[in-house]
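What follows is one structure encoded as structure tokens, with my remarks underneath.
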């Protein structure tokens, strides 16, 4: 039985659609009344594991799921040994540095050395500011990162931006883009090597679907 | 203006009730239509910061909030420099080791050395297994930790248990209790030292309320 780790939340609907094109029907996970975390396909060939976004690489790297769908941002932050197989195109967003609109900062290098930067993605932020040779103090937050500058705890944030509405609503502006992210199909490296053809068939079918950039 | 960091979720209602006894009306945060993360009291003396559970100690340790309410489990996991002022009694739960009911393990020391243990609270788990001199591989998960043993990724989990229903629903049983947790009123140490009386008045008023164990 093939197990696929799917992230709850924004990527779920498009993930299910892409697996449908490969003949795997995970639509039961979209049922609002579904409370199960392990959902088999009607055909019995596969099952979905419904997990948090950040846990998809964990299940795939340990081989508890042979395949998974997760944002590139999560892959980059967690650095776990999973194989990136297909850029699925949807779930488009960017990892950006943002500051208060009233701060006057125009680019990351305008930030004062040793200032505080709040982020859920402290690994990505560390790598970025190191590449600029700008020493900053990173403050790890689990949510509502925009509160960092609003409360005065941090000068800037590093966060995912999709439409930019959250930033605007909170008087923040983007000043730098670290990288662009989108949903990726990932695989457990050893399972891919030992594959008798079943996994490759799914990956090939998913890859054949025209990337749905418009859904992003 | 006094800022109080309140955790969204299970502790919020009781937190608001305890501050009401101290004359601070944060009831606006309980409004289902509230989208604001910073909510002033009608009297204008204070405001609530609505943040994730795990972020309360961060805001209080940086002094962006002078007071906060958060579970002891979060304090123990994050080890940030905040002052524990009052055990509020509500939000009672325990940090426990649980395994599959079918596994036959009766206590933590029955677990095989180097087995995997999944947890959101890897710091607490590490400390516990170190105290037993039992080397285990910790797998950090962000949610649905019960999937660890179900999928076969881990032999055991360390997680918060309140009613025990999630464990039962997933065929798991508790075999050890690490510690008991409840909501705590915490303070920013420097703000408490520089207090002109306003913070102490609030803390004293909250402490005077009979601990509401029944709400747990």
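Just from its helices, what would the mean residue ellipticity at 222 nm be for chain B, if runs of 4 or more DSSP H residues each count -39500 (n - 2.57) and the sum is divided by every residue, rounded to the nearest 500 deg cm²/dmol?
Mean residue ellipticity at 222 nm (helix-derived): -7000 deg cm²/dmol.
If we hang a label 7 Å off Cα along the beta carbon direction at residue A:197, how far is it from the matching labels on the other copies, in nm, shortest first?
8.5
Rounded to whole Å and sorted largest first, what semi-axes of the equivalent ellipsoid does the C-alpha gyration tensor of the protein assembly as shown yield via the square root of 5 times each eigenvalue? Don't skip to the end; give the middle numbers.
Values: eigenvalues 286, 174, 77 Å².
Result for the protein assembly as shown: semi-axes of 38, 29, 20 Å.
Calculate how steeply helix A:12-21 sits against the longest principal axis of the alpha-carbon atoms of chain A, using the helix alpha-carbon long axis, and give the answer as 0 to 90 degrees to the nearest 10.
40 degrees
Using Cα centres only, tell me the gap between region A:66-94 and region B:125-155 in whole Å.
24 Å
Nearest-5 percent of antiparallel DSSP beta bridges in the protein assembly as shown? Could the numbers behind the result be given before it?
Details: 52 of 84 bridges.
So the antiparallel bridges in the protein assembly as shown amount to around 60 percent.
Over chain B, with a Gaussian network built from C-alpha contacts below 10 Å, which listed residue (B:151, B:204, B:58) shows the highest mean-square fluctuation?
Result: B:151 has the largest fluctuation of those listed.
Treating the point 7 Å from Cα along Cα-beta-carbon as the label, what are the nm separations from residue A:106 to the other copies, to one decimal?
Result, one decimal in nm: 7.4.
Give the angle, between 0 and 90 degrees and rounded to the nearest 10, that separates the Cα long axis of helix B:198-208 from the longest principal axis of the Cα atoms of chain B.
The angle comes out near 60 degrees.
Taking only the C-alpha atoms, wrap a convex hull around region A:93-180 and report its volume per residue in Å³ as a whole number.
Here the figure is 80 Å³ per residue.
How big is D, in µm² s⁻¹, for chain B by Stokes-Einstein at 4 °C and 1.567 mPa s if Rh is the Kirkwood radius over C-alpha pairs?
Values: Rh = 18.4 Å.
Approximately 70 µm²/s, per Stokes-Einstein.
Take the rotation relating chain B to chain A, measure from its axis to every Cβ in chain B, and name the nearest residue with the distance in whole Å.
Measuring from each Cβ to the axis, the minimum is at B:142, 5.
Rounded to the nearest 10 degrees, what's the angle between the helix A:122-131 long axis and the longest principal axis of chain A, both from Cα atoms, 0 to 90?
Its long axis makes an angle of about 60 degrees.
Inter-copy label distances at residue B:20, 7 Å along the Cα→beta-carbon direction, one decimal in nm, shortest first?
With the label placed 7 Å along Cα→Cβ, residue B:20 yields 4.7 nm.
Since every read-out is calculated from the coordinates, none of them should be taken as a lab result. Quick caveat, the model's predicted, so the values are computed rather than measured. Cβ coordinates were reconstructed from backbone atoms using ideal geometry, including for glycine residues, and neighbour counts include every protein chain displayed.
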